[in-house]
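Take a look at the structure below.
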Amino acid sequence: MGKSGWRYFVPFQPDIQAALDGLRADVFRRRDFVASRRAARANTIDEAVRLAGEDGTHSILDVAVVGEQPVETPYWTWLILSRRAGKQPSDEECRARQLADLRERRGRAELVPLSGPQLVEYFGTDRPTRAAVETTLAGLPPANCFYVVVHDDQGRPCELCFAGCSGD
(Lines give C-alpha, C1' and ligand atoms only; values in the text may rest on other atoms or scores of the structure.)
Protein backbone atom coordinates (compact mmCIF):
# COMPACT_ATOMS: atom_id res chain seq x y z
CA MET A 1 0.00 0.00 0.00
CA GLY A 2 2.82 2.44 0.80
CA LYS A 3 2.86 5.32 3.23
CA SER A 4 -0.19 7.53 3.60
CA GLY A 5 -0.11 11.25 4.21
CA TRP A 6 -2.42 12.79 6.77
CA ARG A 7 -3.21 16.23 8.14
CA TYR A 8 -5.45 17.25 11.03
CA PHE A 9 -6.42 20.63 12.45
CA VAL A 10 -7.55 20.88 16.07
CA PRO A 11 -8.30 23.88 18.33
CA PHE A 12 -5.15 25.36 19.86
CA GLN A 13 -4.11 24.42 23.34
CA PRO A 14 -0.68 25.03 24.85
CA ASP A 15 -0.32 21.37 25.93
CA ILE A 16 0.58 19.80 22.57
CA GLN A 17 0.66 16.27 24.02
CA ALA A 18 -2.87 16.70 25.39
CA ALA A 19 -4.04 17.95 21.98
CA LEU A 20 -2.41 14.95 20.29
CA ASP A 21 -3.94 12.53 22.80
CA GLY A 22 -7.39 14.05 22.25
CA LEU A 23 -7.06 13.87 18.47
CA ARG A 24 -5.90 10.25 18.60
CA ALA A 25 -8.89 9.36 20.81
CA ASP A 26 -11.26 11.06 18.34
CA VAL A 27 -9.70 9.34 15.29
CA PHE A 28 -9.93 5.98 17.08
CA ARG A 29 -13.53 6.58 18.17
CA ARG A 30 -14.52 7.43 14.57
CA ARG A 31 -12.45 4.47 13.27
CA ASP A 32 -10.86 6.89 10.83
CA PHE A 33 -7.80 4.75 10.10
CA VAL A 34 -6.68 1.93 7.82
CA ALA A 35 -6.20 -1.43 9.46
CA SER A 36 -6.78 -5.13 9.17
CA ARG A 37 -10.15 -6.45 10.31
CA ARG A 38 -8.60 -7.51 13.63
CA ALA A 39 -7.05 -4.09 14.20
CA ALA A 40 -10.28 -2.36 13.19
CA ARG A 41 -12.09 -4.23 15.99
CA ALA A 42 -9.54 -3.25 18.63
CA ASN A 43 -10.80 -1.92 21.95
CA THR A 44 -7.95 0.54 22.51
CA ILE A 45 -5.61 2.69 20.44
CA ASP A 46 -2.59 0.71 21.62
CA GLU A 47 -4.28 -2.54 20.61
CA ALA A 48 -5.15 -1.16 17.15
CA VAL A 49 -1.57 -0.01 16.60
CA ARG A 50 -0.16 -3.33 17.84
CA LEU A 51 -2.51 -5.36 15.62
CA ALA A 52 -1.76 -3.16 12.61
CA GLY A 53 1.90 -4.10 13.03
CA GLU A 54 4.47 -2.75 10.61
CA ASP A 55 1.71 -1.79 8.18
CA GLY A 56 0.58 0.87 10.64
CA THR A 57 -2.82 2.54 10.69
CA HIS A 58 -1.97 5.22 8.11
CA SER A 59 -3.18 7.85 10.58
CA ILE A 60 -2.22 9.94 13.59
CA LEU A 61 -2.70 6.79 15.69
CA ASP A 62 0.79 5.73 14.59
CA VAL A 63 2.33 8.68 16.45
CA ALA A 64 1.93 8.78 20.23
CA VAL A 65 4.65 11.14 21.44
CA VAL A 66 5.33 14.84 20.98
CA GLY A 67 9.05 15.49 20.61
CA GLU A 68 10.78 18.70 21.58
CA GLN A 69 13.48 19.01 18.92
CA PRO A 70 12.49 20.60 15.60
CA VAL A 71 12.31 18.21 12.69
CA GLU A 72 15.04 18.28 10.11
CA THR A 73 13.40 18.12 6.71
CA PRO A 74 16.04 18.30 4.01
CA TYR A 75 13.59 17.00 1.39
CA TRP A 76 10.96 19.67 1.97
CA THR A 77 13.58 22.39 2.20
CA TRP A 78 15.04 21.27 -1.12
CA LEU A 79 11.60 21.00 -2.74
CA ILE A 80 10.39 24.42 -1.57
CA LEU A 81 13.62 26.14 -2.58
CA SER A 82 13.54 24.38 -5.98
CA ARG A 83 9.97 25.51 -6.63
CA ARG A 84 10.69 29.05 -5.51
CA ALA A 85 13.60 29.09 -7.98
CA GLY A 86 11.16 28.09 -10.73
CA LYS A 87 12.45 24.52 -11.05
CA GLN A 88 10.18 21.50 -11.23
CA PRO A 89 12.15 18.47 -9.99
CA SER A 90 11.42 15.14 -11.64
CA ASP A 91 9.22 12.58 -9.90
CA GLU A 92 12.23 10.25 -9.67
CA GLU A 93 14.39 12.86 -7.94
CA CYS A 94 11.56 13.73 -5.54
CA ARG A 95 11.01 10.07 -4.63
CA ALA A 96 14.73 9.47 -4.07
CA ARG A 97 15.10 12.48 -1.78
CA GLN A 98 11.87 11.69 0.10
CA LEU A 99 12.93 8.08 0.68
CA ALA A 100 16.29 9.28 2.03
CA ASP A 101 14.43 11.53 4.50
CA LEU A 102 12.12 8.71 5.59
CA ARG A 103 15.02 6.28 6.05
CA GLU A 104 16.77 8.87 8.20
CA ARG A 105 13.75 9.16 10.53
CA ARG A 106 12.75 5.46 10.57
CA GLY A 107 11.99 4.27 14.07
CA ARG A 108 11.37 7.78 15.41
CA ALA A 109 7.60 8.00 15.39
CA GLU A 110 7.19 11.28 17.18
CA LEU A 111 5.46 14.51 16.30
CA VAL A 112 7.94 17.38 16.38
CA PRO A 113 7.74 21.15 15.89
CA LEU A 114 9.19 23.02 12.96
CA SER A 115 11.91 25.49 13.92
CA GLY A 116 11.39 29.26 13.59
CA PRO A 117 13.58 29.43 10.47
CA GLN A 118 11.71 26.48 8.94
CA LEU A 119 8.36 28.20 9.57
CA VAL A 120 9.60 31.32 7.78
CA GLU A 121 11.13 29.26 4.97
CA TYR A 122 7.99 27.18 4.38
CA PHE A 123 5.18 29.62 5.18
CA GLY A 124 6.85 33.04 4.81
CA THR A 125 6.24 33.86 8.49
CA ASP A 126 6.80 32.41 11.95
CA ARG A 127 3.04 32.85 12.62
CA PRO A 128 1.35 31.07 9.70
CA THR A 129 -2.40 31.26 9.19
CA ARG A 130 -4.49 28.23 8.27
CA ALA A 131 -4.62 29.41 4.66
CA ALA A 132 -0.81 29.57 4.51
CA VAL A 133 -0.46 26.12 6.09
CA GLU A 134 -3.07 24.53 3.81
CA THR A 135 -1.62 26.13 0.68
CA THR A 136 1.96 25.13 1.47
CA LEU A 137 1.16 21.59 2.60
CA ALA A 138 -1.12 20.98 -0.40
CA GLY A 139 1.90 21.27 -2.67
CA LEU A 140 4.14 18.93 -0.71
CA PRO A 141 4.21 15.15 -0.62
CA PRO A 142 3.86 13.71 2.89
CA ALA A 143 7.06 13.24 4.86
CA ASN A 144 8.00 13.20 8.52
CA CYS A 145 5.56 13.95 11.35
CA PHE A 146 5.35 17.49 12.65
CA TYR A 147 3.03 20.08 14.09
CA VAL A 148 2.52 23.77 13.40
CA VAL A 149 0.83 26.35 15.61
CA VAL A 150 -1.69 28.06 13.33
CA HIS A 151 -2.46 31.73 13.97
CA ASP A 152 -5.46 33.94 13.29
CA ASP A 153 -5.27 37.22 11.37
CA GLN A 154 -4.19 39.07 14.53
CA GLY A 155 -1.26 36.65 15.07
CA ARG A 156 -2.86 34.78 17.99
CA PRO A 157 -2.62 30.97 18.18
CA CYS A 158 -5.96 29.45 17.18
CA GLU A 159 -5.28 25.91 15.94
CA LEU A 160 -2.70 23.18 15.78
CA CYS A 161 -1.96 21.37 12.55
CA PHE A 162 -0.62 17.83 12.90
CA ALA A 163 0.76 16.51 9.62
CA GLY A 164 2.89 13.67 8.41
CA CYS A 165 2.83 10.21 6.97
CA SER A 166 2.79 6.69 8.31
CA GLY A 167 2.05 3.16 7.27
CA ASP A 168 4.01 0.44 5.56
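The values are calculated or read from the model by the stated rules, or taken from the named source; none is laboratory data. Note that the structure is predicted; figures quoted are calculated from it, not measured. Quick reminder, even Gly has a Cβ in these numbers, built from the backbone with ideal geometry, and neighbours come from all protein chains shown.
Here are a few things to note about the model shown:
- If you go through segment 1-58 and keep only what is under 16 Å from the mean Cα position of the chain (by Cα) and at pLDDT below 85, you end up with Gly2, Lys3, Ser4, Gly5, Gly56.
- Contacts under 7 angstrom Cβ, first residue in segment 46-57 being more than 15 Å from Arg24 (Cα to Cα), partner among the basic types (Lys, Arg) and not in a helix (DSSP H, G or I), 6 or more apart: none
- Residue list for segment 26-63, restricted to those being hydrophobic (A, V, I, L, M, F, W, C), surrounded by fewer than 21 Cβ atoms within 10 Å (Cβ to Cβ) and within 18 Å of Gly164 (Cβ to Cβ): Val27, Val34, Ile45
- Here Leu81 qualifies as of a type outside the set (Gly, Ala, Ser), assigned to a helix (DSSP H, G or I) and either more than 18 Å from the chain's Cα centre (by Cα) or modelled with pLDDT under 80 (or both).
- So Thr125, is it modelled with pLDDT under 90 and of a type in the set (S, T, N, Q): no
- The set of residues in segment 146-168 that are part of a loop (DSSP other than H, G, I, E, B) and of a type in the set (Gly, Ala, Ser) comprises Gly155, Gly167.
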